[in-house]
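Following: one structure in structure tokens, then a few remarks.
The values are calculated or read from the model by the stated rules, or taken from the named source; none is laboratory data. Note that this is a predicted model, so its numbers are computed, not measured. As a convention, Cβ positions derive from the backbone with ideal geometry for all residues, glycine included, and neighbour counts pool all protein chains shown.
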């Protein structure tokens, strides 16, 4: 099964074409927040390098969040448009679920983290037993301490959130292990791998059913609500 996948939920723009679990072509570029300018031309390049036309793609896969509001919107909207234009099935993949595939984890707990700004993270916990993954928590936006409080045993942390909040993580979990930085960078091939498993389980592939996962309201929405209530806006660095 040929899968065209992308992840634009962080500053990294990554697109991949995979044939089953084999990567035919993949790009990983830190492009800031200009996904809307880079995504389609990157898709064209990946398809050209792989020698595949979009009509020969069997499945589309997109990371639906959580992550940057702008990045999530751009990626989801672009892939839904591509699915509708090409009449290809589309699978939405959780960003954190795909990140949990970035390492060859066999035993222990894995905690992928994204920086949600305002001192919080987007995160979830996964347990690996004999290489088999089990998701222990839903995706959350919260203080990292609230996510990992009470954890015991070996815990691997990865992703930009792990780097940003490393000191706070170690205060709560002194024995925490941090995956190398390269393993924390989103990869579209991991999105494709997650989509392949979901498709095998019969997940819905109707593009109309794929929606962004934000976990909280955008900064603009929060500011409007605070202004309406008379409270000063809370700044997060923007999206």
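Remarks
- Selected residue (only one of 132, 110, 121 is under 14 Å from the mean Cα position of the chain (by Cα), modelled with pLDDT of 95 or more and not assigned by TED's automatic domain parsing to the domain that holds residue 55): 121
- Residue in the stretch 96-103 that is outside any helix (DSSP H, G or I) and under 20 Å from residue 213 (Cα atoms) present: yes
- Of all residues making up the stretch 1-42, the number that are assigned to a helix (DSSP H, G or I) and in contact with a helix residue (DSSP H, G or I) (Cβ under 8 Å, 6 or more places away or on another chain): 4
- Scanning the stretch 43-72 for residues that are outside any loop (DSSP other than H, G, I, E, B) and surrounded by 19 or more Cβ atoms within 10 Å (Cβ to Cβ) turns up 43, 46, 47, 50, 59, 60, 61, 62, 63, 69, 71, 72.
- Filter result (in a loop (DSSP other than H, G, I, E, B), surrounded by fewer than 22 Cβ atoms within 10 Å (Cβ to Cβ) and modelled with pLDDT of 95 or more) within the stretch 135-162: 136, 137, 138, 139, 143
- Qualifying residue in the stretch 59-75 (condition: touching a strand residue (DSSP E or B) at 6+ places or on another chain (Cβ under 6 Å) and more than 19 Å from residue 11 (Cα to Cα)): yes
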